[in-house]
Amino acid sequence: MTGDAVLAQDLVQDTCLKAYKAFSPDDEPRQIRPWLFRILINGAVDDARRARRFRCA
């Protein structure tokens, strides 16, 4: 999705950190895998937007 292995590894690491911070055992049970993928996709989209903004400036 990113075309760059290093950037992909950074996104996975950020996803794990965000999920760890947001996880609460007291919450309702949920599907973990779709939740993690949504965090990952949102992070990739945010990074792409950020890169496009800095490239155009």
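Since every read-out is calculated from the coordinates, none of them should be taken as a lab result. These numbers were taken from a predicted model, which means no experiment stands behind them.
Computed quantities for the displayed model
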read-out: Over the chain: helical MRE at 222 nm, DSSP H runs n ≥ 4 each giving -39500 (n - 2.57), nearest 500; value: -26000 deg cm²/dmol
read-out: Overall dimensions of the chain as given by Cα atoms, namely Rg and Dmax in Å; value: 13.5, 44
